[in-house]
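Written out below as structure tokens is the structure these notes cover.
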Amino acid sequence: MSTLLDIQDLKIHFHTRDGVVKAVDGVSLKVEQGEIAGIVGESGSGKSVTAYSLLGLIPMPPGKIEGGRALFQGTDLLRLSEREINQFRGRKISMIFQDPMTSLNPYLRVSTQLTEPLAIHERLHGKPALHRAIEALEQVGIENAEKRIHSYPHEFSGGMRQRVMIAMALITKPDLLIADEPTTALDVTVQKQVLDVIRNLQKETGTAVIFITHDLAVVHEMCDSVNVLYAGRLIESAPTAELFHKPLHAYTRGLYKSNPGTHRKGEDLYSIPGLPPDLSRLPAGCSFRARNTLGDASLCLTDRQPELIEIQAGHFVQNCPGCLARHEAAVVS
Amino acid sequence: MENSTTIQAANEPAEAGRSLWGDAWIRLRHNRAAMGGCAILAIIVLLCFIIPFFPFLPDPAAQSLPNKNAGPSMSHWMGTDHLGRDLFSRILHGGRISILVGLITTLVSLTIGVSVGAIAGYAGGRVDALLMRTVDVLYSLPFLVIVILFSALAKGYTNDFTEWVVSLTGINQDAIAPFTSLIPLFIAIGALSWLNISRIVRASVQDIASREFVEAARSLGLSHGRILFRHIVPNAIGPIVVYATLTIPSVMLFEATLSFLGMGVQPPYSSWGILIKDGADRMLSNSALLVFPSIFFILTLLSLNFLGDGLRDALDPKSAKS
Amino acid sequence: MLELKNIRKTFRKGKESVYAVNDVSLNIQAGEILGLVGESGCGKSTLSRIIMQLLLPDSGSVHLNGTNLSALPLSAIRHHRLDFQMVFQDPYASLNPRLTIFSTLGEALQQRHPQLKGDELRQRVGTLLEMVGLSSRLMQRYPHEFSGGQRQRIAIARALAPEPRIIIADEPVSALDVSIQSQILNLLRHLQKDLGLTMLFISHDLSVVRYLADRIVVMYRGKIVESGDAEEVFDHPKEAYTRQLLAAVPKLPSVVGPV
């Protein structure tokens, strides 16, 4: 396995009236060829901004890439002009979004929307393009694709629409698919079907996937590796099995612990107190200090940002003694 | 990107009471463009309504043919027109009428338009269909003809009204005649120019009525009136304010058209609309007759727009930090 | 306490009419949390609006403490709406952006106690805010000054204000971040215990329902397909649909070491 995408020390800040919002503040992560890499975090953690920057989708201004690189097959995506990045968008890197209804044009037939990327990137038109489109719909498990391809988006249900989106994203056989909360708006049974489609296609085509979600359980079922983001920084990163076997950072542990599924009935849910910090007024030290109850907040760094260290082969974590510590009560339980 | 608002509760003192309008005023005061507009409007209104009472201002109707088309001078600050009348005086006197026409007709049209649009949008169903078909029918009628018909019919009543006011207050008939003779015009324009605003309000109300806070209000058992006018209409205030600031100048100009047809202000009285129209006719011989009234009109229009934008922002609690 | 008998409701969709709720009967005991599980389009939202008296059923009846609400005239129903309060899914849409928190909560209080005014009203609003874990100092703020989780607390306070008999929580945590979800769930559970609330908890998230509900009703295509004790339904689902639903839930492994 070789590295497909190497993000190094990415910094994206938004310059607003209220000050500089450090949406992404020094994130480094790698996506290997053909793997599903998960990015987990809450809203405001920087997970979507990180992904959007790869396709040049950050509005600038107010956004500004302050530093870092995103090497994709040797090319730094952050330094490309609008014209150059268009060579990657939809061809080598595709994206699917949370709400398929807003990302499909309601006035165009699915056939038109599916063949469009082929026309743009492969100059494939007419019958052959339509055949590829039908094939793509069949791949994502849409029955009677030959007929249904001529329908409009509103004639599909939510789950089916997301399948159409996936077919559209994968039709050019990209090397990387970015999936931004693709199942958050779907019902559980539909979510399962869509997740299965993504995983099966990923296995078949060898496309690497960046899977963005806030749901740890989905990450566990889908991803080969997990990156946990908090307040614009990478907190912990490890292969999935390793991370769930031995979560180290207090935030990762907190996320796991606050899941109702891990609690007995009537028992108080563990919850991470408070709110994520204001990204325009980040503390100088560990940004999780104020909410750290599973570690030892008194040991958290206050003077500098904790550095990411490789604590074990492949397992990276922010080296903050307070967040790595285990609260005694927690150890006993 | 969501920017979470952190609220440090512990070390903040309790806050004083706030209301939408009180807050809006505070925010408006911090908006320089809006306050500038406000100041210019205030100056224009003061000029128009106070200066004419001072004796140094020439009579706007006094003609002096030897003096016609004179340039600005000490005695005629903005020169004179083709009949030798003082232009500055005519602008200020005309401004009174224009401002009154603009404000009153806009108020009438807002009251009707917002009520009809809000009720149609909120009630839906048959009420909506009935009201909106009425609007469609009114749209299809020739606006000008209706206004002319209406004010012709109302003329008799207006004279009675003028006499009644005179007998009641003892004011000189000549002083109020230019205003009372406009009443049918106010009502006619106001009563017909609400059509657009009603459609705009209806669309916003439909959108807002489907939001969950309205359902929450319903589940509290609030009356329909309270839901509509406390929860829904304030959320539609943006387009209403913007539309109102656009309506005032357009009504001012429309008055000139009607006056030209003999329905509105009659000579020797005047208004900005009439002055601009006359000025445009004589643009080549004396451009001052077009330029000076236009400056007043354009300043008013711009200030209204700045004030309108400022008001819309000020009335939206989200638009500014407080 | 609350009893639904043979509720049916159809909606016209083009030419045909579709059953949104088809012959649903259920009851909620005082002081219990009933979990209503189902996927979008199963009729759970329609059902909750029928309970709220915001929609009238085509047939069937809603009984509250023995009173048949469906037989009451419309004017009386409006008064009974206070007995049912709702917490909505989206805390960004469920609070009027142009009203301060004080106005929103004050209005809700005054619906039950019209005589409340001035300092007394302010005090009651403050008590409500503190009940849901917010500082009473914040009552003069507008909704946009709060985060999603805080807004949901305010929405809960508004639902509590008119002292309802039943609270219907319609997906109250599914729009919130994970770490905030657990805060709100704890709050709901504590309020339910302390105030003896009766609650209908609607969710598609089975792990949440399992954790919170005493009994569970599973709805599918407008019908109730399974109901029973929460643990029982989860551990020994009888119906194929329930089993399918449970199988679809992504699972967290148990962490080996201490968390």
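Note on chain C: with a GNM built from Cα contacts shorter than 10 Å, the maximum mean-square fluctuation among C:L195, C:L64, C:L36 falls on C:L195.
Taking only the C-alpha atoms of region A:248-333, the Rg (one decimal) and the largest Cα-Cα distance, Dmax (whole number), read 13.7, 41 Å.
Taking only protein heavy atoms and a 1.4 Å probe, what accessible area per residue, in Å², does region A:5-156 have with all protein chains in place? Don't skip to the answer; put the middle values down first.
Details: 7380 Å² over 152 residues.
Heavy-atom SASA per residue in region A:5-156 reads 49 Å².
Sequence-distant contacts, meaning Cα pairs under 8 Å at least 6 residues apart, place the relative contact order of chain A at 19 percent. To test your reading of the geometry: what angle, between 0 and 90 degrees and rounded to tens, separates the Cα axis of helix B:237-260 from the longest principal axis of chain B? Tilt relative to chain B: about 20 degrees.
A crude spin-label estimate for the pair C:D23 and C:S135, with each label 7 Å from Cα along the Cβ direction, gives 5.7 nm.
Our coupling estimate for region C:152-164, obtained by passing each phi through the Karplus curve with A = 6.51, B = -1.76, C = 1.60 and θ = phi - 60°, is 5, 5, 5, 4, 5, 4, 5, 5, 6, 3, x, 6, x Hz, Gly and Pro reported as x.
Scattering from region A:69-205 was approximated by placing one identical point on each alpha carbon and applying the Debye formula without solvent; log10 I(q)/I(0) at 0.09, 0.15, 0.17 1/Å stands at -0.26, -0.73, -0.92.
Which trypsin sites (Lys or Arg not before Pro) does region C:91-149 hold that lie in a coil by DSSP with at most 10 other beta carbons within 10 Å? Taking region C:91-149 and a limit of 10 other Cβ atoms within 10 Å, no loop trypsin sites (Lys or Arg not before Pro) are found.
Compactness ratio of region A:1-97: Cα Rg over 2.2 N^0.38 Å, N = residue count?
Numbers: Rg = 13.3 Å, N = 97, 2.2 N^0.38 = 12.5 Å.
Relative to the 2.2 N^0.38 Å estimate, region A:1-97 comes out at 1.06.
Inverting the pair-averaged 1/r between distinct Cα atoms of region B:193-259 gives 13.5 Å as its Kirkwood hydrodynamic radius. Measuring from each cysteine beta-carbon in chain A, the ones with no other cysteine beta-carbon under 4.7 angstrom are A:C223. Computed over region C:1-142, the P(r) curve from all C-alpha pair distances, binned at 10 Å from the origin, holds 10, 31, 30, 22, 6, 0 percent per bin. Could you state the number of Å between the C-alpha centres of region B:160-180 and region B:99-113? Distance between centres, Cα-based: 22 Å.
With charges set only on the Cβ (+1 for Lys and Arg, -1 for Asp and Glu), what does the dipole of chain C come to about its Cα centre, in debye to the nearest 20? Kindly include the intermediate steps, with their values, before the conclusion.
On the way: 30 positive and 26 negative charges, 152 e Å.
Here chain C has a charge dipole of around 740 debye.
Placing +1 at every Lys and Arg Cβ and -1 at every Asp and Glu Cβ, with all other atoms neutral, what dipole size does chain B have around its Cα centre, in debye to the nearest 20?
Values: 22 positive and 21 negative charges, 51 e Å.
Approximately 240 debye in magnitude.
A viscosity of 1.002 mPa s and a temperature of 20 °C, combined with the Kirkwood radius over C-alpha pairs in the Stokes-Einstein formula, give region C:134-259 a diffusion coefficient of 129 µm²/s.
With viscosity 1.002 mPa s and temperature 20 °C, the Kirkwood radius over alpha carbon pairs of the protein assembly as shown converts through Stokes-Einstein to a diffusion coefficient of 66 µm²/s. Each helix, a run of at least 4 DSSP H residues, gives -39500 (n - 2.57); summed and divided by the residues of chain B, these come to -22000 deg cm²/dmol at 222 nm. Solvent-accessible area assigned to carbon and sulfur over the protein assembly as shown amounts to 56 percent, based on a 1.4 Å probe. Each Cα pair of region A:66-120 feeds into the Kirkwood radius, which the Stokes-Einstein equation turns, at 20 °C and 1.002 mPa s, into a diffusion coefficient of 159 µm²/s. Size check on chain B: the Cα extents along the three principal axes, sorted descending, read 76, 51, 43 Å.
Within region C:97-143, the residues that become at least 50 Å² less accessible when every protein chain is included than when their own chain is isolated (1.4 Å probe; DNA, RNA and ligands ignored) are C:P97, C:R98, C:E107, C:Q111, C:R137, C:Q140, C:R141, C:Y142. Measuring spread by the Cα atoms of region B:234-322 yields a radius of gyration and Dmax of 17.1, 55 Å.
What number do you get for region B:154-215 when its Cα radius of gyration is normalised by 2.2 N^0.38 Å, N = residues?
On the way: Rg = 20.1 Å, N = 62, 2.2 N^0.38 = 10.6 Å.
The reported ratio for this selection is 1.90.
Of the GluC sites (Glu not before Pro) found in region A:187-286, the ones in coil according to DSSP and having at most 14 other Cβ atoms within 10 Å of their Cβ are A:E267.
Taking 29 Å as the straight-line reach from the Cα of C:K223, the lysines in range (excluding those fewer than 8 positions away in the same chain) are A:K192, A:K265, C:K5, C:K9, C:K13, C:K15, C:K44, C:K238, C:K251. Taking the charge dipole of region A:161-249 about its Cα centre, with +1 at Lys and Arg Cβ atoms and -1 at Asp and Glu Cβ atoms, the residue from A:M165, A:L195, A:H220 reaching farthest to the positive side is A:M165. Solvent-accessible surface, computed for protein heavy atoms with a probe of 1.4 Å, shrinks by 30 Å² or more for the following residues of region C:225-255 when the other protein chains are added to the isolated chain: C:A248, C:P250, C:K251, C:L252, C:P253, C:V255.
Quick one: putting +1 on the C-beta of Lys and Arg, -1 on the C-beta of Asp and Glu, what dipole do you get for region A:93-252 around its Cα centre, in Debye to the nearest 20? Walk me through the intermediate numbers first.
Details: 14 positive and 19 negative charges, 73 e Å.
That gives region A:93-252 a dipole magnitude of about 360 debye.
Over region A:110-176, all Cα pairs binned in 5 Å intervals from 0 give whole-percent P(r) values of 3, 20, 34, 25, 13, 4, 0, listed from short to long.
The values are calculated or read from the model by the stated rules, or taken from the named source; none is laboratory data. Here the structure is a predicted model, which is why all the values come from computation and not from measurement. No Cβ is skipped: glycine too gets one built from the backbone with ideal geometry, and neighbour counts run over all protein chains shown. The accessibility values were calculated without ligands, DNA or RNA, using every heavy atom of the protein model including side chains. Shrake-Rupley method; radii C 1.70, N 1.55, O 1.52, S 1.80 Å.
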